[in-house]
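Participant: Here it is: the structure, laid out below.
The values are calculated or read from the model by the stated rules, or taken from the named source; none is laboratory data. Please read all numbers here as calculations on a predicted model, not as lab measurements. In this analysis, Cβ positions are derived from the backbone assuming ideal geometry, glycine residues included, and neighbour counts consider all displayed protein chains.
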Amino acid sequence: MLRINLFFWLVITHIIAFSQTGTIRGIIYDEVLEPAMGASVLVKDSQFYAVSDFNGLFVIPNLPYGEYILDISYIGYATQSISVNLSDKNSKTIKVYLTESTTQLDEISINAEREERRNEVSVSTLKLTTKTINKLPGIGGEADVAQFLQVLPGVVFTGDQGGQLYIRGGAPIHNKVLLDGMTIYSPFHSIGFFSVFDTDLIKKADVYTGGFGAEYGGRISSIMDIQTRDGNKKKLTTNLSVNTFATKLLIEGPIFKKPENDLSNSFIFSGKTSYLDKTSKLMTFSDAIDLPYTFYDLYGKLSFFSPSGSKVNVYGFRFNDDVNYVGETQLGWGTYGFGTNIVLIPTSAKMLVEAKMSYSKYDIFQEDFGRPRNNSSIGGYNIGLDFSYFISQQHRLKYGAEILGYTTVLSFRNTMGTLIDPKDNYDVFGAYLNYKFNNTKLIVNSGLRIQNYTALRETSLEPRLGLKYNISRQFRVKGSWGIFSQNLLSTSSERDVVNLFSGFLSTPESLPSSFQGEPITSALQKATHYILGFEYDFNNYLNFNIEGYVKDFSQLIAENNNQIFEDTEEFEAQPDYLKKEFIVERGLASGCDLLVKYTDKKINIWTVYSFGIIEREDEVQTYYPHYDRRHNFNFLFSYLFGKNNDWEFSVRWNYGSGFPFTQTQAYYEELNLNNGLNTNINSSNGEIGILYSELGSGRLPSYHRLDMSFKKTYYIEKFGANIEGSVGVTNVYNRNNIFYYNRVKDMRIDQLPILPSLGIKLSF
């Protein structure tokens, strides 16, 4: 009886104690009323703290009732101290409006990024902002996220023209790119310097090169999650940029102007177009250089806000790309989409709800001279709901679900000339649960994702785990492990360096029955990631990060380069790997990535080195794919100078060891024998046939390139406008870097020569 009474006394005491605690939450805004992401909130004279998220929201739960002082700091802004009286009647969200600092930055502000590293697992994660991206020498004076991604550890870029991004051994189809929660199927234009994203639109770009959390699914290699900012809520502003290769216009402002520090509904619109095909010959001073690339990108967003801080975004986009090598190849793709995302801050102070709905469509075609036209499309919807629950200072829970429905259409001829023309409809249901624990020393991110592929009648259970241990305030060890799956494929060949056309299809039904004697029981592509790393802060400005990784691609599905028979009854006796259009492979990617960063008010330095080995194994051989770059080194340096730091000098140097390639053994005449024995071979005109050596058995020469740029900013007080002029040079010392070898023309094709550029940007 005593034990029972004691138990009830403890329960009642706990309830009473818990009821005497409350939650402080708030939203932090910068000078243009944009949510301040990454601001530090410290409860004075306590161990309680918070960091504002993408929405500017911070939550500090389970504080005893009483009077508190909050110290709020954000890079570039004056530190604020706010008094909060926490009682049982506190349920509303406080709003904090920051003002720009006119004095030297506080050490607290300078160390905001470091504090985030101490309190987040951040394995294989790089967080980019517009400010970070603009430190890179821009092509034509305009920095682009596509150019900055090439600097990141673990990222390999295969060429200036038609190149693709390969991240830690994964092919482009294994990377998911999200824009405001919507999948973008072709994020980069055919000329590899430009993405579809306007840098000035980007609020944040989180790049996960491996080991990403349970909230992401449907890809087996990497995630790039891009979020755009809201429009200016105070005034109408315009940015006009004109450079050697493209023009860009960005307009933003309030829909209806409200009083000071009151959130106006806002809009933002961006449009850019290129004329590279017209200016490239002029700027390269050579008629031999032909860059027949054109594109345009349009993006618009409306943002609506409630007094509580909740908001609704409605957005839409249209991206287009065209390539026209006259008499050789013509390619074009277009994509459009629209959607909404909603952020709800309920009365319950510990909860955040996010919802998204979208639809998008992507079409691509390629027509080579004298060959049939290839076409592909993918389109569908995405509906998702996410809940974030702040249990306590140490415990946080995030869970959610999403439904994706797609239709893929493909008309494509493989290397054997076999027509592949499936049309598939498929639905994917995903749900996840993620738990975070943080006791200052140990940080744990554990999660479970469930992916149900209805058309394949398969369900994939995908546990994820991320750990970080703070050995000291300067030194940290971290690691992650996870299982990943996807059903989306592309038609890109591992034999070719240049793959302008990339068609989409879901997992084909006709797969080999076995691989190396083992039965194939799943139609999914699968991978397991293993990552171990260390971080060290030398001081407030210099930090070191090193990670070793293994990506075990236990099952890959690829176009069959070994097919010599059609998959018909006539050739039923032949092995599957000689007649199936698609085959199963296995792969292993392993390596080490090193990043050393130095950042202060004037100087920004990135030193990046990546070592990696990528192997693929099919039924015939073990080979190295064309993106197996063993050594990749990047050095990025930017320096602000002048009376008002209105001058900026940037330089980037990149070195990469040679890519594998498939050598040519011989040429022969490939005759059309449709008339059988009646074919007159003496009068027939065949096409050039190529006899290849073993896949990936050769190595191209190494690659290196130096880029530089100067920027000068002028402020015209009379008009309240900024003018930024820029001069840049790509490939400063005119290195002849080989791109690929045209086997048919027996001609070496190089990447870009020295390429000067000019640009001017007007902001008012």
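Participant: Filter region 329-351 down to residues that are farther than 25 Å from Ser388 by Cβ, at pLDDT 90 or above and among the hydrophobic types (A, V, I, L, M, F, W, C) and give me whichever is surrounded by the most Cβ atoms within 10 Å (Cβ to Cβ). Step through it out loud before you land on a result.
Facilitator: Start the filter on region 329-351 by keeping residues that are farther than 25 Å from Ser388 by Cβ, which leaves 329-338.
Then drop every residue that is not at pLDDT 90 or above, which leaves 332-338.
Filter once more, so that each one left must be among the hydrophobic types (A, V, I, L, M, F, W, C): 333, 338.
Details: Trp333: 24, Phe338: 15.
Among them, the one singled out is Trp333.
Participant: Provide a single number: the residues in region 264-307 that are at pLDDT below 85 and closer than 23 Å to Thr238 by Cβ.
Facilitator: The qualifying residues number 1.
Participant: Next question, about the same structure. Can you confirm whether region 414-421 contains a residue that is modelled with pLDDT of 85 or more and either outside any strand (DSSP E or B) or touching a strand residue (DSSP E or B) at 6+ places or on another chain (Cβ under 7 Å) (or both)? Reasoning before the result, please.
Facilitator: Filtering region 414-421 for residues modelled with pLDDT of 85 or more gives none.
No.
Participant: Within region 382-412, which residues are aliphatic (A, V, I, L, M), closer than 28 Å to Pro508 by Cβ and at pLDDT below 90?
Facilitator: Passing the criteria: only Leu410.
Participant: Going through Asn674, Asn722 one at a time, which residue ends up being over 30 Å from Gln621 (Cα atoms), at pLDDT below 85 and either among the hydroxyl-bearing types (Ser, Thr, Tyr) or not in a helix (DSSP H, G or I) (or both)? Walk me through it before giving the result.
Facilitator: On the way: Asn722 fails: at pLDDT below 85.
Result: Asn674 is the single residue among Asn674, Asn722 that is over 30 Å from Gln621 (Cα atoms), at pLDDT below 85 and either among the hydroxyl-bearing types (Ser, Thr, Tyr) or not in a helix (DSSP H, G or I) (or both).
Participant: Moving to a separate point now. Could you say which residue among Thr329, Thr340 is of a type in the set (S, T, N, Q), more than 28 Å from the chain's Cα centre (by Cα) and over 30 Å from Asn62 (Cβ atoms)? Break it down stepwise before answering.
Facilitator: Details: Thr340 fails: more than 28 Å from the chain's Cα centre (by Cα).
Answer to the check: Thr329.
Participant: If you don't mind, another one. Every residue in region 340-380 that is among the small types (Gly, Ala, Ser) and in contact with a Phe, Trp or Tyr (Cβ under 6 Å, 6 or more places away or on another chain), please. So that I can check it myself, show each step before the final result.
Facilitator: Within region 340-380, the first condition is being among the small types (Gly, Ala, Ser), and the residues that meet it are 348-349, 355, 358, 360, 370, 376-377, 379-380.
Ser376, Gly380 - these are the residues of region 340-380 that are among the small types (Gly, Ala, Ser) and in contact with a Phe, Trp or Tyr (Cβ under 6 Å, 6 or more places away or on another chain).
Participant: Is it the case, given these coordinates, that Tyr714 is modelled with pLDDT of 85 or more and either over 26 Å from Asn560 (Cβ atoms) or not basic (Lys, Arg) (or both)? Break it down stepwise before answering.
Facilitator: On the way: modelled with pLDDT of 85 or more: yes; either over 26 Å from Asn560 (Cβ atoms) or not basic (Lys, Arg) (or both): yes.
Answer is yes for this residue.
Participant: Has region 316-332 got at least one residue that is outside any strand (DSSP E or B), closer than 22 Å to Leu33 by Cα and not hydrophobic (A, V, I, L, M, F, W, C)? Step through it out loud before you land on a result.
Facilitator: Of the residues in region 316-332, the ones outside any strand (DSSP E or B) are 326-328.
In the following step, the residues that additionally are closer than 22 Å to Leu33 by Cα were identified as none.
No, region 316-332 has no match at all.
Participant: Which condition breaks for Asn261 when tested against (1) loosely packed, with under 15 Cβ neighbours inside 10 Å; (2) at pLDDT 90 or above?
Facilitator: Result: Asn261 passes all but (2).
Participant: Considering only residues that are of a type in the set (A, V, I, L, M, F, W, C), at pLDDT 85 or above and surrounded by 14 or more Cβ atoms within 10 Å (Cβ to Cβ), which ones fall in region 736-764?
Facilitator: Looking only at region 736-764, we keep the residues that are of a type in the set (A, V, I, L, M, F, W, C), and these are 738-739, 744, 747, 749, 752, 754-755, 758, 760, 762, 764.
Checking the rest, the ones that are also at pLDDT 85 or above come to 738, 754-755, 758, 760, 762, 764.
If the condition is that a residue be of a type in the set (A, V, I, L, M, F, W, C), at pLDDT 85 or above and surrounded by 14 or more Cβ atoms within 10 Å (Cβ to Cβ), then Ile738, Ile754, Leu755, Leu758, Leu762 are the ones that fit.
Participant: Restricting to region 647-669, and then to whatever is modelled with pLDDT under 90 and part of a loop (DSSP other than H, G, I, E, B), can you tell me which residue is farthest from Glu615 (Cα to Cα)?
Facilitator: Gln663
Participant: Within the set of pairs 6+ apart or on separate chains, which have a first residue in region 462-477 that is farther than 28 Å from Arg219 by Cβ, a second that is among the hydroxyl-bearing types (Ser, Thr, Tyr) and exposed (fewer than 15 other Cβ atoms within 10 Å of the Cβ), and C-beta atoms under 8 Å apart?
Facilitator: Asn470/Thr440
Participant: Now a separate question. Would you call Tyr362 outside the structural domain of Val51 (by TED's automatic domain parsing), within 21 Å of the chain's Cα centre (by Cα) and in a strand (DSSP E or B)? Show your work before the answer.
Facilitator: Values: outside the structural domain of Val51 (by TED's automatic domain parsing): yes; within 21 Å of the chain's Cα centre (by Cα): yes; in a strand (DSSP E or B): yes.
When the stated conditions are applied, Tyr362 passes them.
Participant: Return the residues of region 235-250 that are surrounded by 19 or more Cβ atoms within 10 Å (Cβ to Cβ) and over 25 Å from the mean Cα position of the chain (by Cα); say none if nothing qualifies.
Facilitator: Residues of region 235-250 that are surrounded by 19 or more Cβ atoms within 10 Å (Cβ to Cβ), as a first pass: 241, 243-246, 248, 250.
Listed by number, the residues that qualify are Asn243, Thr244.
Participant: Hey, does region 698-709 have a residue that's under 30 Å from Asn239 (Cα atoms), within 31 Å of the chain's Cα centre (by Cα), surrounded by 12 or more Cβ atoms within 10 Å (Cβ to Cβ) and of a type outside the set (A, V, I, L, M)?
Facilitator: So in region 698-709, the residues under 30 Å from Asn239 (Cα atoms) come out as 706-709.
Going one step further and asking which of them are within 31 Å of the chain's Cα centre (by Cα), we end up with 706-709.
Then drop every residue that is not surrounded by 12 or more Cβ atoms within 10 Å (Cβ to Cβ), which leaves 706-709.
Still in the list and also of a type outside the set (A, V, I, L, M): 707, 709.
Scanning region 698-709 turns up at least one residue that is under 30 Å from Asn239 (Cα atoms), within 31 Å of the chain's Cα centre (by Cα), surrounded by 12 or more Cβ atoms within 10 Å (Cβ to Cβ) and of a type outside the set (A, V, I, L, M).
Participant: If you take the residues of region 568-599 that are free of Cβ contacts under 8 Å to residues at least 24 places away in the same chain and either among the acidic types (Asp, Glu) or in contact with a strand residue (DSSP E or B) (Cβ under 9 Å, 6 or more places away or on another chain) (or both), which of them is surrounded by the fewest Cβ atoms within 10 Å (Cβ to Cβ)? Before the answer, list the steps.
Facilitator: Our first condition is that a residue be free of Cβ contacts under 8 Å to residues at least 24 places away in the same chain; within region 568-599, this holds for 568-574, 578-579.
Checking which are either among the acidic types (Asp, Glu) or in contact with a strand residue (DSSP E or B) (Cβ under 9 Å, 6 or more places away or on another chain) (or both) leaves us with 569-570, 572.
Numbers: Glu569: 7, Glu570: 10, Glu572: 9.
Among them, the one singled out is Glu569.
Participant: Ok, one more. For region 600-617, name all the residues that are hydroxyl-bearing (Ser, Thr, Tyr) and in contact (Cβ under 8 Å) with a residue 60 or more places away in the chain.
Facilitator: Restricting attention to region 600-617, the residues satisfying the condition of being hydroxyl-bearing (Ser, Thr, Tyr) are 607, 609-610.
Answer for region 600-617, where residues must be hydroxyl-bearing (Ser, Thr, Tyr) and in contact (Cβ under 8 Å) with a residue 60 or more places away in the chain: Tyr609, Ser610.
Participant: Still on this structure, I have one more. Go through the residues of region 56-75 one by one and say whether even a single one is more than 20 Å from Arg114 (Cα to Cα), outside the structural domain of Thr440 (by TED's automatic domain parsing) and within 26 Å of the chain's Cα centre (by Cα).
Facilitator: no
Participant: Checking the condition of a type in the set (Ser, Thr, Tyr) and outside the structural domain of Leu636 (by TED's automatic domain parsing), which residue from Tyr740, Tyr692 passes?
Facilitator: Values: Tyr740 fails: outside the structural domain of Leu636 (by TED's automatic domain parsing).
Exactly one of Tyr740, Tyr692 is of a type in the set (Ser, Thr, Tyr) and outside the structural domain of Leu636 (by TED's automatic domain parsing), namely Tyr692.
Participant: Taking Val312 as the residue in question, decide whether it is under 30 Å from Arg373 (Cα atoms), modelled with pLDDT of 85 or more and not aromatic (Phe, Trp, Tyr). Walk me through it before giving the result.
Facilitator: On the way: under 30 Å from Arg373 (Cα atoms): no; modelled with pLDDT of 85 or more: yes; not aromatic (Phe, Trp, Tyr): yes.
No, not satisfied.
Participant: Then there is this: Looking at (1) in contact (Cβ under 8 Å) with a residue 60 or more places away in the chain; (2) more than 18 Å from Phe212 (Cα to Cα); (3) buried (at least 18 other Cβ atoms within 10 Å of the Cβ), can you tell me which one Phe553 breaks?
Facilitator: The one condition Phe553 does not meet is (2).
Participant: Let me ask another. Within region 398-408, is there a residue that is touching a Ser or Thr at 6+ places or on another chain (Cβ under 6 Å), of a type in the set (D, E, K, R) and crowded, with 18+ Cβ neighbours inside 10 Å? Break it down stepwise before answering.
Facilitator: So in region 398-408, the residues touching a Ser or Thr at 6+ places or on another chain (Cβ under 6 Å) come out as 398, 408.
From the residues that got through so far, the ones that are of a type in the set (D, E, K, R) too are 398.
Imposing the further condition that a residue be crowded, with 18+ Cβ neighbours inside 10 Å reduces the set to 398.
Checked region 398-408: at least one residue is touching a Ser or Thr at 6+ places or on another chain (Cβ under 6 Å), of a type in the set (D, E, K, R) and crowded, with 18+ Cβ neighbours inside 10 Å.
Participant: On to the next question. Inside region 556-567, can you point out the residues that are of a type outside the set (S, T, N, Q) and touching a residue at least 40 places away in the same chain (Cβ under 8 Å)?
Facilitator: In the first step, residues of region 556-567 are kept if they are of a type outside the set (S, T, N, Q); the result is 556-559, 564-567.
Result: Leu556, Ile557, Ala558, Glu559, Ile564, Glu566, Asp567.
Participant: Tell me, which strands (runs of 3 or more DSSP E) wholly within region 150-222 include 2 or more residues that are under 22 Å from Asn654 (Cα atoms)?
Facilitator: On the way: elements: 155-157, 165-167, 175-179, 202-208.
Ranges flagged: 155-157, 165-167, 202-208.
Participant: Now, a different point. Could you check, for region 577-590, whether at least one of its residues is farther than 21 Å from Pro519 by Cα and in the same structural domain as Phe157 (by TED's automatic domain parsing)? Steps first, answer last, please.
Facilitator: Applying the first criterion (farther than 21 Å from Pro519 by Cα) to region 577-590 yields 589-590.
Checking which are in the same structural domain as Phe157 (by TED's automatic domain parsing) leaves us with 589-590.
Within region 577-590 (the criterion being farther than 21 Å from Pro519 by Cα and in the same structural domain as Phe157 (by TED's automatic domain parsing)), the answer is yes, since at least one residue qualifies.
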